[in-house]
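Take a look at the structure below.
The values are calculated or read from the model by the stated rules, or taken from the named source; none is laboratory data. Every value quoted in this text rests on a predicted model; they were computed, and no experiment measured them. For neighbour counting, all protein chains shown are included, and Cβ atoms are generated from backbone atoms with ideal geometry for every residue, glycine included.
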Amino acid sequence: MMKHVAQTAESAQIYGIKPFCADKTVCATWLGFFSQALTKKGGNGDMRNGLRMITILLAAAACLSTGAVADEWINLFDKETLFGWTPFGQGNWSVSDGNLACDTGAGGWLATTSQFADFELVVKMRVEADGSAGVAFRAGLEGHPSENGSNWITIAEPKGGASDWHEIKVTASGANVSATVDGKEGNVMGGGRARGYIGILYYRDGKIEVESIKLRPLNLKPIFNGKNLDGWNIIPGRKSEFNVVDGALNIKNGNGQIETAGTYKDFCLQLDIFSNGDHLNSGVFYRSPAGVFWKGYESQVRNEWEGNDRAKPKDFGTGGNYGNQPARKVVSSDREWFTKTIVVDGNHAAVWVNGYLTSDFLDVRPRSLQSQGKEGYVAGPGTITLQGHDPTTDLSFKNIVIQEYPAK
């Protein structure tokens, strides 16, 4: 039976079935039933067995657990606001009926506030007849993307043509860059930058709309092996307990901290987090000086909000930049795995929780404050640090991976 369980799990992952069950015993039970249904044949029960297989397949697919509710894709557009974007030029940008739109102006473009290096990007957009638009990636902000070494791809509707939705897919991995439009190879222009911003280009009059913009970082490397604490250092003399349990780094008690042996400056970090209690407090520090207790920037972990309003986080909320910018909404919950994505470049840091952009912080404080022993802009590099906050601490972290950004 376990052979069938393993094969079913592998198939579900290959075909992209999204798991959510964290109970391995329940998963194994459902998959066992599925295995028996697959091998039972004959008689008038074939149709009943077929129906049973369909039902059990759906349940088994739901139960297959990778440990996280959300996968590693992030939404660059939240379908409500322009949060995380900066306009350039004369385009009239807005959000209408859940779509990003630009309908008038002499042209311009909209750029993310975050930079990305290696990634998959999927944009769904449409252009009115006789209109023209495009997608820029690894873009610079100096002038127009067509003039500063950015990559871009253009779509246009012929005069009198239908305003159809188009899907643009981009893959950027090192020196390899490719794109498709509606499944056909696209003409990628420009190039030369190893990282940069994502942009929506508006060329001339004629309305353009964007339904969704999703990105998945590529080439992330594990910094936690899921077996032991190799590559991590515990700050001595503190109360926190650090153990590897079921492939996750569990932290109990506090205060305390554990930090990476390596240091990182500009990067994309992803990890899965589980809070084993109500409103537990922890954090993911970055650009932290090695061996120094609770220093650097902190991406807060605390799933608590005022009343029933998740848009009113307590204590900055999960995904907030602690001490600097609260999460605009707490989208994660206790006793459920959630995925945090942290993108850091220069004096800018953005955090997504379960694919939703929760904070977008630009540190404009002078670095000189650091030399005075005060909090100021930290240029890095520094360690990645996990916090044990207090005696109630009981949190787990796993699938900790990072993509270090190359020079621009």
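May I ask you to list the residues in the range 189-224 that are surrounded by 17 or more Cβ atoms within 10 Å (Cβ to Cβ) and either free of Cβ contacts under 8 Å to residues at least 60 places away in the same chain or under 14 Å from residue 105 (Cα atoms) (or both)?
Across the range 189-224, the qualifying residues are 190, 201, 202, 203, 206, 207, 208.
Determine, yes or no, whether residue 123 is at pLDDT 90 or above and surrounded by fewer than 21 Cβ atoms within 10 Å (Cβ to Cβ).
Spelling it out, it is not the case that residue 123 is at pLDDT 90 or above and surrounded by fewer than 21 Cβ atoms within 10 Å (Cβ to Cβ).
Quick one: is residue 325 of a type outside the set (D, E, K, R), crowded, with 18+ Cβ neighbours inside 10 Å and touching a residue at least 60 places away in the same chain (Cβ under 8 Å)?
No, not satisfied.
From the list 206, 199, 192, which residue is of a type outside the set (A, V, I, L, M), assigned by TED's automatic domain parsing to the domain that holds residue 156 and touching a helix residue (DSSP H, G or I) at 6+ places or on another chain (Cβ under 7 Å)? Give the derivation first.
Numbers: 206 fails: touching a helix residue (DSSP H, G or I) at 6+ places or on another chain (Cβ under 7 Å); 192 fails: touching a helix residue (DSSP H, G or I) at 6+ places or on another chain (Cβ under 7 Å).
Answer to the selection: 199.
Looking at (1) exposed (fewer than 15 other Cβ atoms within 10 Å of the Cβ); (2) closer than 22 Å to residue 73 by Cβ; (3) acidic (Asp, Glu), which is the one condition that is false for residue 164?
Going through (1) exposed (fewer than 15 other Cβ atoms within 10 Å of the Cβ); (2) closer than 22 Å to residue 73 by Cβ; (3) acidic (Asp, Glu) one by one, residue 164 breaks only (2).
Which strands (runs of 3 or more DSSP E) sit wholly inside the range 150-244 and have at least 2 residues that are of a type in the set (Asp, Glu) and under 26 Å from residue 354 (Cα atoms)?
208-217
Against the conditions (1) of a type in the set (Val, Ile, Thr); (2) more than 19 Å from residue 387 (Cα to Cα); (3) not in a strand (DSSP E or B), where does residue 318 fall short? Just the number, please.
(2)
Go through the range 380-390 and count every residue that is in a loop (DSSP other than H, G, I, E, B) and at pLDDT 90 or above. Quick ask: steps written out before the conclusion?
Within the range 380-390, the subset in a loop (DSSP other than H, G, I, E, B) is 380-381, 389-390.
Those still in the list that are at pLDDT 90 or above too: 381, 389-390.
Qualifying residue count for the region: 3.
Residue 181: within 27 Å of residue 219 (Cα to Cα), in contact (Cβ under 8 Å) with a residue 60 or more places away in the chain and within 26 Å of the chain's Cα centre (by Cα), yes or no?
So residue 181 fails the test.
Please go through the range 98-123 and give me each residue that is part of a loop (DSSP other than H, G, I, E, B) and in contact with a Gly (Cβ under 6 Å, 6 or more places away or on another chain), ordered by number. If you could, list the steps in order and put the result at the bottom.
Keep residues of the range 98-123 that are part of a loop (DSSP other than H, G, I, E, B), which gives 98, 103-107, 117-118.
Result: 105, 107.
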